[in-house]
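Trainee: Okay, handing you the structure first.
The values are calculated or read from the model by the stated rules, or taken from the named source; none is laboratory data. This one's a predicted model, so the numbers in the text were calculated from it and none came from an experiment. Please note: Cβ atoms are built from the backbone with ideal geometry, for glycine as well, and neighbour counts cover all protein chains shown. Ligands, DNA and RNA are stripped out before the accessible areas are found, and what is left, the full protein with its side chains, is counted by its heavy atoms. Shrake-Rupley method; radii C 1.70, N 1.55, O 1.52, S 1.80 Å.
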Amino acid sequence: MDTDVNGDAARGVVVVGAGPTGLLLAGDLAEAGVPVTVLEKRPHRISNLSRAFAVHARTLEQLDARGLADALEAVGEPLTRLGFFGSLSIDLSGLPSRYRHVLVIPQYEVERALERRAVAAGAAFRYETEVTGLTQDPDGVTVLASRPDGRTERLRAAYVVGTDGMRSTVRRAIGLPFPGHSVIRSVILADVLLAEKPPSVLTANAVDGAFAFLAPFGDGYYRVIGWDRRHDVPDDAPVDLAEIKEITRQALGRDYGMHDARWMSRFHSDERQVPSYRVGRVFLAGDAAHVHTPAGGQGMNTGLQDAANLSWKLAAVLHGRSDPALLDTYQSERHPVGRAVLRSSGGIVRLAMGMAKHPWSQAARQSLAPLLSRVAPLRRKAIAQITGLGYRYPAPRGAHPLTGRRAPDIALAKNTRLYEALRGGHFVLITPGRYEGARPANLTAAEWRSGRRTTLLVRPDGYVAWASDGTDRGETERAVREHVGPVA
Ligand SMILES: Cc1cc2nc3c(=O)[nH]c(=O)nc-3n(C[C@H](O)[C@H](O)[C@H](O)COP(=O)(O)OP(=O)(O)OC[C@H]3O[C@@H](n4cnc5c(N)ncnc54)[C@H](O)[C@@H]3O)c2cc1C
């Protein structure tokens, strides 16, 4: 039996998948007054089998722009040095951000915060509703979903976003391939108790063919990720604690007395990216659009940034403030970032594990640590990519050099600051002379210099839409009308 589930969704957005990407997107759309329905095949329960552990500085800024960062900071553990393998580590304490660290916090805490916000803003959630297909026409999209009782539901929406993870049904329904390959196979995950506390919050190392990583859950359990490249078996091969202990001993020198695993699993890690993030009225975001190795902890972070980029554009178009062509910039802005993340996380794995099987690979790994610490531009590039602070979006020819760049958290009048002013999904116009006194630590010298004489129009996702060093009020008004729309 078919049921039509109509109502407000027909004028708004259907989000498929309530992972972190879908939750942030749904919350933004609902806060912007767009009718949004989230379809999720799971029952309503956020799993505590966390995958991601690392929330990077740029994501913390996005969460700050939604009023969520402080509460998560109170639960997680800040880490100012990100260690990769042995002596290879990067120091985050000088980041040009309010958040000069990576926050170690289980993914489910981030999901809970995002879900609470989306529900409070009025997003509708339909759990145990599995999307099976969709069709689109010039006016909208019809989504088909199956319910546990065998009913098929049909929903109509103006736009659909597939945030349904790596095995995305939405991606298949719009006929897109997911080209790429498996990078590492037979990786073991386990949640264990440790008899001894590891020396640092995150512990990772690779020795010969063995790699191990340990991170705390905060509830006494530790997540261990172990991989032995000499032991390549299918994902469904049984896992036992002895195997994990052995890999951990090889890679970290000891197994910290691990015992009582509450969960163990074996998985493989792919590197794939969809060629187009949009087909007509259907978009893909998060793992549905790109997957890569967990190295550098960038998967969830990249998905959240995708959502932050797309949400305000969908809201602007649905409210009639922007031309639908704005939606094309989601592809031109986010696809290159996805590609860069694939390259950097794959590079870390290949280099560190000597997977390239060339003698120079081991040598490169040995020399990378001192090289990274000595060569400032290389170090800055690695930090800018991993933290997400360094990405800039393409700007039109002749635009001001700040256009497309991330806006730092500038102090504003009335004792407020930019990322507070961004709450609610608004554009923020900052007029010159706002920066007084000494240079705040979260601004680079160049940002500080230019900010003292520049007018900035900041997009709801914290990137500069338009900037000018001139004083022509008419020019500013035109820019505001162009970007924010006629109601501004
Ligand atoms: C071991 C490991 C460690 C990781 N560590 C990190 C890290 O430190 N930092 C980091 O940033 N990332 C990390 N990641 C990656 C991160 O977990 C993912 O990138 C992130 O979960 C992607 O979020 P998402 O919302 O795009 O997709 P998902 O979290 O996969 O959510 C997709 C949702 O869609 C639902 N769904 C699927 N199909 C349908 C359907 N047909 N109909 C309805 N609902 C559907 C699913 O049930 C699910 O709830 C790690 C991953 C792994 C495996």
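Trainee: Rounded to the nearest 0.05, what FRET efficiency is calculated for Asp137 and Ser89 with R0 set to 35 Å and r the Cβ-Cβ distance? Before the final figure, lay out each step's value.
Mentor: Values: r = 53 Å, r/R0 = 1.51.
Efficiency at R0 = 35 Å is approximately 0.10.
Trainee: Cross-link candidates for Lys245: which lysines have Cα within less than 28 Å, leaving aside residues fewer than 8 places away along the same chain?
Mentor: List returned: Lys197, Lys357.
Trainee: Placing unit charges on C-beta atoms (Lys and Arg positive, Asp and Glu negative, everything else neutral), compute the dipole magnitude of the chain about its Cα centre in debye, rounded to 20. Intermediate values should be presented prior to the final figure.
Mentor: Numbers: 62 positive and 52 negative charges, 294 e Å.
That gives a dipole near 1420 debye.
Trainee: What FRET efficiency, computed as 1/(1 + (r/R0)^6) with R0 = 30 Å and r the Cβ-Cβ distance, is obtained for Met166 and Glu420, rounded to the nearest 0.05? Kindly include the intermediate steps, with their values, before the conclusion.
Mentor: On the way: r = 35 Å, r/R0 = 1.17.
The formula returns an efficiency of 0.30 here.
Trainee: Under the √(5λ) rule applied to the eigenvalues of the Cα gyration tensor, what semi-axes describe the equivalent ellipsoid of the stretch 13-134? Give them in Å, descending. Mind dumping the intermediate values first?
Mentor: Details: eigenvalues 183, 54, 26 Å².
After scaling each eigenvalue by five and taking roots: 30, 16, 11 Å.
Trainee: A further question on this structure: Could you compute the FRET efficiency for Tyr127 and Thr329, with r as their C-beta to C-beta distance and R0 at 30 Å, rounded to 0.05?
Mentor: 0.40
Trainee: Just the number, please: Stokes-Einstein D of the stretch 176-234 in µm²/s, Kirkwood Rh from C-alpha pairs, 25 °C, 0.890 mPa s. Walk me through the intermediate numbers first.
Mentor: On the way: Rh = 13.2 Å.
The diffusion coefficient I find is 185 µm²/s.
Trainee: Can you tell me the length gained on complete extension of the stretch Lys381 to Ala340, counting 0.36 nm per residue apart and subtracting the Cα distance? Working shown, then result.
Mentor: Numbers: separation 41, 0.36 × 41 = 14.76 nm, distance 1.17 nm.
Separation in residues times 0.36 nm, less the Cα-Cα distance, equals 13.6 nm.
Trainee: Tell me the Kirkwood radius of the stretch 64-151: reciprocal of the mean inverse pair distance over distinct alpha-carbon atoms, in Å. Can you show the working numbers first?
Mentor: Values: mean 1/r = 0.0584 Å⁻¹.
Kirkwood radius, the stretch 64-151: 17.1 Å.
Trainee: For the stretch 265-355, what ratio Rg/Rh do Cα atoms give with a Kirkwood hydrodynamic radius? Show your work: numbers first, answer last.
Mentor: On the way: Rg = 15.1 Å, Rh = 14.2 Å.
That ratio is 1.07, to two decimals.
Trainee: Same structure, new question: For n ≥ 4 DSSP H runs only, could you compute -39500 (n - 2.57) per run for the chain, divide by its residues and tell me the 222 nm figure to the nearest 500? It would help to have the intermediate numbers written out before the result.
Mentor: Details: 13 runs with 156 residues, N = 488.
For the chain, the value works out to -10000 deg cm²/dmol.
Trainee: While we're here: Would you mind working out the magnitude of the charge dipole of the stretch 281-334 relative to its Cα centre, with +1 at each Lys and Arg C-beta and -1 at each Asp and Glu C-beta, to the nearest 20 Debye? Write down the numbers at each step before the final one.
Mentor: Working: 4 positive and 5 negative charges, 26 e Å.
The calculation lands at about 120 debye.
Trainee: Continuing with the same structure: Using only alpha carbon pairs under 8 Å that are at least six residues apart, calculate the relative contact order of the chain and give it in whole percent. Display every interim value, and only then the final one.
Mentor: Details: 986 pairs, mean separation 80.4, N = 488.
For the chain, the relative contact order is 16 percent.
Trainee: At q = 0.14, 0.19 Å⁻¹, what log₁₀ I(q)/I(0) does a Debye calculation on the Cα points of the stretch 111-244 give, no solvent, two decimals?
Mentor: Summing over Cα pairs of the stretch 111-244 leads to -0.95, -1.10.
Trainee: Now for a different question. Specify, per residue and in Å³, the volume enclosed by the convex hull of the alpha carbon atoms belonging to the stretch 146-209.
Mentor: On the way: hull volume 14.9 nm³, N = 64.
Once divided by residue count, the hull of the stretch 146-209 is 233 Å³.
Trainee: To two decimal places, what compactness ratio does the stretch 381-423 give when its Cα radius of gyration is scaled by 2.2 N^0.38 Å?
Mentor: Values: Rg = 13.2 Å, N = 43, 2.2 N^0.38 = 9.2 Å.
Dividing the Cα Rg of the stretch 381-423 by 2.2 N^0.38 Å gives 1.43.
Trainee: Give, as a single signed number, the net charge of other residues whose beta carbon lies under 15 Å from the beta carbon of Glu128, with Lys and Arg counted +1 and Asp and Glu -1. Don't jump to the answer; show the numbers that get you there.
Mentor: Values: positive: Lys41, Arg42, Arg45, Arg126, Arg147, Arg151; negative: Glu40, Glu130, Asp149, Glu153, Asp164.
Within the 15 Å Cβ shell, the charges total +1.
Trainee: Also, quick follow-up: Can you give the Rg to Rh ratio of the stretch 204-337, both from alpha-carbon atoms, with Rh computed by the Kirkwood formula? Don't skip to the answer; put the middle values down first.
Mentor: Numbers: Rg = 20.3 Å, Rh = 17.9 Å.
Ratio of gyration radius to Kirkwood radius: 1.14.
Trainee: Same structure, new question: Cα atoms only: what Rg and Dmax, in Å, come out for the stretch 237-305?
Mentor: Rg then Dmax for the stretch 237-305, in Å: 17.6, 54.
Trainee: Which values, in whole Å and largest first, are the semi-axes of the equivalent ellipsoid of the chain obtained as the square root of 5 times each eigenvalue of the Cα gyration tensor? Please list the in-between numbers first.
Mentor: On the way: eigenvalues 265, 187, 77 Å².
That gives 36, 31, 20 Å for the three semi-axes.
Trainee: Report the full-extension gain for the segment Arg478 to Ala120: residue separation times 0.36 nm, less the Cα-Cα distance, to one decimal in nm. Could the numbers behind the result be given before it?
Mentor: Details: separation 358, 0.36 × 358 = 128.88 nm, distance 3.53 nm.
In short, 125.3 nm is gained.
Trainee: Over the chain, with every protein chain in place, what whole percent of the accessible area is carbon and sulfur at 1.4 Å, could you tell me? Mind dumping the intermediate values first?
Mentor: Details: 10860 of 20820 Å².
Answer for the chain is 52 percent, counting heavy atoms of protein chains only.
Trainee: Provide the per residue accessible area, probe 1.4 Å, for the chain, rounded to a whole number of square angstrom.
Mentor: Working: 20820 Å² over 488 residues.
For the chain, the solvent-accessible area averages 43 Å² per residue.
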